[in-house]
Amino acid sequence: MSIAHSNSPGKSSFTALPFFLLAVFGVMTFLQSPALAQEKPQALSNILRDAGDLLKAGKLNQAKGKYLLALSEDSLNQHALKNIGYILSLQKDYKNSLTYLLKAEKLGHADADIYNLLGIAQGVVGDTVGSLTSYSKAVNLASDNVSYVKNYGAALVTAGRFSDAIPVLDSASALDPADGELKFLLGNSYAGLSKPKESIKNFRSAMDLGFDTGDLRYHLGMVSEAIGDFWSAEEHYGFGISKDPKNLELRQRLAVLYLRTGVYDQARRLLKDNLSRDPKYINSRVALGACYASMGFPDSAKIELQNVRRVDKKKYEVMKNLVSGATKQYNDSKNNSAKGRNEKRKADSASVR
């Protein structure tokens, strides 16, 4: 109780106490400062570990939330930036994916993963040059990673750089000889270079490896058609339709093949089927108009012409020429047939006399 009185002997004890406590707390703070310094990295490490576990489990939104929490602790954490970019790519949000991936790249020491992810996102948003540059950097850093090499080759094919694509795809194929899709991409490259023999060889290799899709059959049919092998083209388009029944372009290609070879009833059936599935599929309407003209149904052809004119003036002009040419061909054929019949009748009459 003496400390309550200013004149008591305990005053010195009272006044000394704060200094003593201050000294003790100072020592404690000094001793704890390294631990506090370690606490933040440890917490960040735990957050990144939890985020990685969630990502492996496929819980993308939860993982993304954890990585964002990591960035609130360390805004320049390259690992978090990269993985958010990766998650956003998986979620098809490529524009925002680019934001995080570019930040990760600008930090320096970008790894092949970052460049590969950048290549994917840039390609989707239409930055072809940036995409090819990023894929090239990924391959330079990890030339033995078949996924990176394959992505680079596929991007070169998409860009129409077929000569550049072939050695890249050959390298990928050497890394994974069982990947039929690589043979498919090589087939497309040779087709783009107008080398049908090499193209068909690679397409068939893709099929032998189990990669036999509607898209492959479409391209194989196109190459077969280009060299005049209409029977093979018909077969490939037909197989493609059986594998991919919703692919309107395959039906369109087969219909155009029938139109070219004069099998008009089959062409009309396929084109009308396409339009029943998608009335706005303008290419089938253009071809249907030409088909009607070739069959001698000018009124039906005019109706399709007007339908196209209402929605696409450029296609209307193309279609008008097609219908005009088909109508003339039909009339010429009809006149020639009539002339032939008349000449036959005259010859028959002469032989009777």
Along the principal axes of its C-alpha atoms, what lengths does the range 66-166 span, in descending order and rounded to whole Å?
48, 25, 19
In Å, the Kirkwood hydrodynamic radius from C-alpha pairs for the range 216-286 sits at 11.9 Å
How large is Rg over Rh for the range 36-114, taking Rg from the Cα atoms and Rh as the Kirkwood inverse mean of 1/r across Cα pairs?
0.97
Send over the semi-axes of the range 169-254's equivalent ellipsoid, whole angstrom and largest first, taken as the square roots of 5 times the C-alpha gyration tensor eigenvalues.
22, 15, 9
Which links in Lys246/Lys320; Lys150/Lys315; Lys183/Lys246 stretch past 26 Å when you go from one Cα to the other?
Lys246/Lys320; Lys150/Lys315
Interchain or sequence-distant (5+) residues whose placed amide H lies within less than 5 Å of the amide H of Leu193 are none
Give the cross-link partners of Lys64 among the lysines, using a straight C-alpha distance below 24 Å as the criterion and excluding same-chain residues fewer than 8 apart.
Lys40, Lys56, Lys82, Lys92, Lys95, Lys103, Lys106
Whole-Hz Karplus ³J(HN,Hα) for the range 251-260, in order, using 6.51 cos²θ - 1.76 cosθ + 1.60 and θ = phi - 60°, x for Gly and Pro?
4, 4, 5, 5, 5, 5, 4, 4, 5, 5
Size-normalised alpha-carbon gyration radius of the range 108-260, reference 2.2 N^0.38 Å:
1.12
The range 90-135 versus the range 280-311: alpha-carbon centroid distance in Å
44 Å
In whole Hz, what ³J(HN,Hα) sequence does the range 264-279 give by Karplus (6.51, -1.76, 1.60; θ = phi - 60°), x for Gly and Pro?
6, 4, 5, 4, 4, 4, 5, 5, 5, 5, 4, 6, 6, 7, 8, x
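The numbers here are math on the coordinates, done by the rules we state, and not lab data. Being a predicted model, the structure only gives us computed values, none of them experimental.
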